[in-house]
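All remarks here apply to the structure that follows.
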Amino acid sequence: MQTRNRFRYLIQCMALVGLMGSITPGRLPAQDSAGQPDRERIIRAARVLDIHHGAYIKNAAIWIRGERIKAVGSAVDVLKDAPASAEVLDLGDVTLLPGLIDCHTHLMARLPSGADGYALNLLTKSEAYRALEGAADARVTLEAGFTTVRDVESEGSGYADVALRDAIDNGLVVGPRMRVATRGIAAVGQYEPFGISPDLTGFPTGAQMVSGAEEARRAVREQIGHGADLIKVYADWLYPTLTVAEMQVIVEEAHKANRKVAAHATTTEGIRNAVLAGVDSIEHGFHADKADLELMKSKGVYLVPTLSGTDAHLVKKPDDFNSPGAKAYLEAIRQLIAMARQMGVKIADGSDPASAARHGKNAEELQSMSRRGLTALEAIRAATTSAADLIGWPVDVGAVEAGKFADLIAVQGDPLDDIALLQHVKFVMKGGTVIKNELGAAH
Ligand SMILES: [Zn+2]
């Protein structure tokens, strides 16, 4: 979407200076159903989740033209209106849901484990190599049923996320629709990699480091100029880092260009600073107190809690959570979700994968949220309608309804009864193209 507009703008500019004849016409980013914009298809399934009403349409059908949904409803009604020549794909006894959205990924990050993992990643892999890792991660993420992601910082990989987004849009790489934050913005010296020798002046940093309002302003302008769809800031790192004044400038520049701002914030004060500065979402938010959450609620700021990494760690190494500090942290995130839910703070799904093992496990986050009190429907909404709203694409994705992209997933069974089913997606369609179909001989 973004890319298409940019290309149109470019073509307009070139036309103005009389260069139109020298560029290849029609080189707009290919969509998934490129060349088949009028292809008519019907997908049938035992159930389709109507996300708005939280109810199933039984014995349902979805009529798809090209890459978008034309109609959804009971098979009897839909088949009456659809052309008789439409291809029919009957998925049988499955539940169809909208493609899921993860609002907190780092596709370019496959960090080795250990305290020096972050630095080693930058030391031993080129940006080009990390971009290719990103392409692999994009594929597993899509195959896991996440048809859209908001990638919140390339972790030292520069603008590789812009390249990946555009390569996916151009049909060169298989992956989800992407909203990208590019480099991220942090206070000088207050983000990874830590402990690098000061002699290594050119060593890459995990984010763009700034000090003072004007450097912050410049960073936002640069990142938008190089293709950022949103801006990511680090409001804290164990303690508050960027000042309210610095973040206000970041928000001002971003909002001026119609870009949202996502703030990493885990401390009570860091969260407050970011919300006061006007950011649109708090990432993690672990130690938010009641006052923070009230402020978020009153300003309509989203919470993206990122819990599943902790839960995976808990399963793998339960002994790591025996210390008083670790126990306090687990209690803090339990309270956070309970309070946010009870107060009506908006919650969007984000799983924060940053290792080879975690990419593609995005759906575990829905289970982590429901384990702490969200109903299955609330967790699914966090990864569909709410996520679409947060990323600014509510018209195009997040529900199975007429006019939206035909981004669909199927599971066997009832995900409203067992949210873990979403970790075993059997069918994925993105923009009308089947990406994965493990439903056997699909009629
Ligand atoms: Zn993250």
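Readers should treat all values here as calculations from the given coordinates under stated rules, not as data from a laboratory. Nothing here was measured: the structure is a model prediction, and the numbers come from that model. Quick reminder, even Gly has a Cβ in these numbers, built from the backbone with ideal geometry, and neighbours come from all protein chains shown.
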Cα-based Rg / Dmax (Å) for the chain: 22.0, 72
Inter-site label distance for Asp50 and Gln423 at 7 Å from Cα along Cβ, in nm: 3.1
Extended-chain gain in nm, criterion 0.36 nm per residue less alpha-carbon gap, Glu294 and Ala356: 18.7 nm
Residue among Met343, Gly440, Leu120 farthest towards the positive dipole end of the chain, charges placed on Cβ: Gly440
Karplus-derived 3J(HN,Hα), 6.51/-1.76/1.60, for each residue of region 209-214, Hz, glycine and proline x: 8, 10, 9, x, 4, 5
Three principal axis lengths of region 274-379 [C-alpha, angstrom, descending]: 38, 32, 27
Summed side-chain charge close to Ser351 - residues other than Ser351 whose Cβ falls under 9 Å, Lys, Arg +1, Asp, Glu -1: -3
Top positive-direction residue, dipole computed over the chain with Cβ charges, set Thr384, Ala61, Leu295: Ala61
When each of Lys232/Lys361; Lys327/Lys426; Lys232/Lys297; Lys317/Lys436; Lys260/Lys426 is checked by Cα-Cα distance, pairs over 28 Å: Lys327/Lys426; Lys317/Lys436; Lys260/Lys426
Net charge dipole size for region 78-203 [Lys, Arg +1 and Asp, Glu -1 on Cβ; Debye, nearest 20]: 180
Under-5 Å amide H pairs with Glu153, H placed in peptide plane, nonlocal only: Ala181, Thr182
Within a Gaussian network of the chain (alpha carbon springs, distance under 10 Å), most fluctuating of Val233, Val180, Val425: Val425
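Hey, with R₀ at 60 Å, roughly what FRET efficiency would Ala245 and Asn170 work out to, going by the Cβ-Cβ distance, to 0.05?
0.90
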